[in-house]
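See below for the structure under consideration.
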Amino acid sequence: MKTFLLLFCSNVFMTFAWYGHLKDMKGKPLLAAILVSWGIAFFEYALQVPANRIGFGQFTLPQLKVMQEVITMIVFAAFAVFYMRTQLTLDYLWAGLCLVGAAFFMFRGAAV
């Protein structure tokens, strides 16, 4: 559970670092957006690195990657809808189902 929570929080910072400047810094110079994004990304890494270190004993490397991708899609969908005011479409559902399928195949037979 600790790995999941750390990855979730890490992804919140990652999503803001990667996409938040599109809304908040539209009129600012590119260098300013890059520097702010790097500052936000520091917190992403401060959470992501421990998450992977903690989780690597419990999960395989491919399982950690798929878990991170599923979390990323969940966080991104919420960010896109609630922060960026993007309309939720069926494409989110289809993409999510593909990730559920990936998680199923990565975790089937695993005693997690």
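Key figures
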| quantity | calculated |
| --- | --- |
| Qualifying positions in region 72-112 - of a type in the set (S, T, N, Q) and surrounded by 14 or more Cβ atoms within 10 Å (Cβ to Cβ) | Thr72 |
| Residues satisfying the stated conditions in region 36-49, i.e. aromatic (Phe, Trp, Tyr) and either farther than 11 Å from Asn11 by Cα or not in a helix (DSSP H, G or I) (or both) | Trp38, Phe42 |
| Qualifying residue in region 70-92 (condition: more than 29 Å from Gly109 (Cβ to Cβ) and within 12 Å of the chain's Cα centre (by Cα)) | yes |
| Residues that are out of contact with any helix residue (DSSP H, G or I) (no Cβ under 8 Å at 6 or more places or on another chain), part of a helix (DSSP H, G or I) and of a type outside the set (A, V, I, L, M), drawn from region 77-95 | Phe82, Asp91, Trp94 |
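Yes or no, residue by residue, for (1) at pLDDT 95 or above; (2) surrounded by fewer than 16 Cβ atoms within 10 Å (Cβ to Cβ):
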position: Leu5; (1), (2): yes, yes
position: Cys9; (1), (2): yes, no
position: Met14; (1), (2): yes, no
position: Lys26; (1), (2): no, yes
position: Leu30; (1), (2): yes, yes
position: Ile34; (1), (2): yes, yes
position: Ser37; (1), (2): yes, no
position: Ile40; (1), (2): yes, no
position: Phe43; (1), (2): yes, no
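Residue by residue, here is whether (1) in contact with a Ser or Thr (Cβ under 8 Å, 6 or more places away or on another chain); (2) assigned to a helix (DSSP H, G or I); (3) over 26 Å from His21 (Cα atoms); (4) of a type outside the set (Gly, Ala, Ser) holds:
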{"site": "Ala51", "(1), (2), (3), (4)": "yes, yes, no, no"}
{"site": "Gly57", "(1), (2), (3), (4)": "no, no, yes, no"}
{"site": "Val75", "(1), (2), (3), (4)": "yes, yes, no, yes"}
{"site": "Leu97", "(1), (2), (3), (4)": "no, yes, yes, yes"}
{"site": "Gly109", "(1), (2), (3), (4)": "no, no, yes, no"}
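The values are calculated or read from the model by the stated rules, or taken from the named source; none is laboratory data. These numbers were taken from a predicted model, which means no experiment stands behind them. No Cβ is skipped: glycine too gets one built from the backbone with ideal geometry, and neighbour counts run over all protein chains shown.
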